[in-house]
1. Sort through E175, E209, E182 and tell me the only one that's assigned to a loop (DSSP other than H, G, I, E, B) and of a type in the set (D, E, K, R).
2. Restricting attention to the stretch 185-206, which residues are over 17 Å from the mean Cα position of the chain (by Cα) and outside any loop (DSSP other than H, G, I, E, B)?
3. Would you say T44 is under 22 Å from L187 (Cα atoms), β-branched (V, I, T) and either touching a Lys or Arg at 6+ places or on another chain (Cβ under 9 Å) or in a strand (DSSP E or B) (or both)?
4. Within the stretch 8-48, restricting attention to residues that are acidic (D, E) and at pLDDT 95 or above, which residue is nearest to D79 (Cα to Cα)?
5. Counting only residues that are touching a Gly at 6+ places or on another chain (Cβ under 6 Å) and of a type in the set (D, E), how many does the stretch 87-135 have?
6. In the stretch 118-140, which residue that is over 21 Å from D94 (Cα atoms) and surrounded by 18 or more Cβ atoms within 10 Å (Cβ to Cβ) is farthest from the chain's Cα centre (by Cα)?
7. Of everything in the stretch 178-209, what is without any contact (Cβ under 8 Å) to a residue 60 or more places away in the chain and aliphatic (A, V, I, L, M)? Give them in sequence order.
8. What tally of residues in the stretch 1-15 results from selecting those that are surrounded by 20 or more Cβ atoms within 10 Å (Cβ to Cβ) and either outside any strand (DSSP E or B) or aromatic (F, W, Y) (or both)?
Amino acid sequence: MRTAILIPARLASKRFPDKMLHILDGKSLIQRVFDACQQTDFDTFVVTDSKRIASLVPNHIVTGEASNGTERCAMAARDLDYDCYINVQGDMPDVTPKLIKTVSDYLKYYPITTLFTDMSQEQQDNPSTVKMVRSGDKALWFGRGMTGYGEWHLGIYGYRADALSLYPDMEVTKEEKTEKLEQLRWLKAGWDIGCTRVDFDGVEINTQEDIHLWNYKNERI
């Protein structure tokens, strides 16, 4: 199946404004994510409504306003012709080709796929860490406030093209608004999301504190 990676990115992050432009060891966050994705065999595009972000990467698609990253990916996919799309969120500087291949391979079994890994107690108590509840390889729920159970949900999704095209027309639910988690729209609409456990010791950049953690892990403090 012909597959492309889409990296949705915006400047107006409420928790960390302009984080896509933040420099990590000599590269902006969005450049670091883009370069990591380009280590795969998949075509890679940054999809954004910001000309500043677009200017930092060679392959980009400028979209209009979108309510979330999945909607932005769906907007970009209208002008592309691939069988599947991988949504790598722009705050994943430690994404690897292996992670991307894993979420891509699982599209053989589910129209939407994602990844999870083990979670520390500190992450369980942190609303910036997205938690996932599952039954076997099927995601049942996602949330921020749950403590004491669940898995650490990573910001990578796979979509079959026909599934992604339907997303913007699905109802925006109160659960999606409350949790600020776009994947809840799929679940409330009755879609199955396949999930796979992976090993991941990287950092997702959600807040300024995550920058310090990334620097510490990469010895750049």
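1. E182
2. K188 - this is the single residue of the stretch 185-206 that is over 17 Å from the mean Cα position of the chain (by Cα) and outside any loop (DSSP other than H, G, I, E, B).
3. No.
4. Going through the qualifying residues, I end up with D43.
5. Of the residues in the stretch 87-135, 1 are touching a Gly at 6+ places or on another chain (Cβ under 6 Å) and of a type in the set (D, E).
6. For the stretch 118-140, the residue satisfying everything is R134.
7. If the condition is that a residue be without any contact (Cβ under 8 Å) to a residue 60 or more places away in the chain and aliphatic (A, V, I, L, M), then L181, L184, L187, A189 are the ones that fit.
8. 1
The values are calculated or read from the model by the stated rules, or taken from the named source; none is laboratory data. Note that this is a predicted model, so its numbers are computed, not measured. Virtual Cβ from ideal backbone geometry, glycine too; neighbours counted across all protein chains shown.
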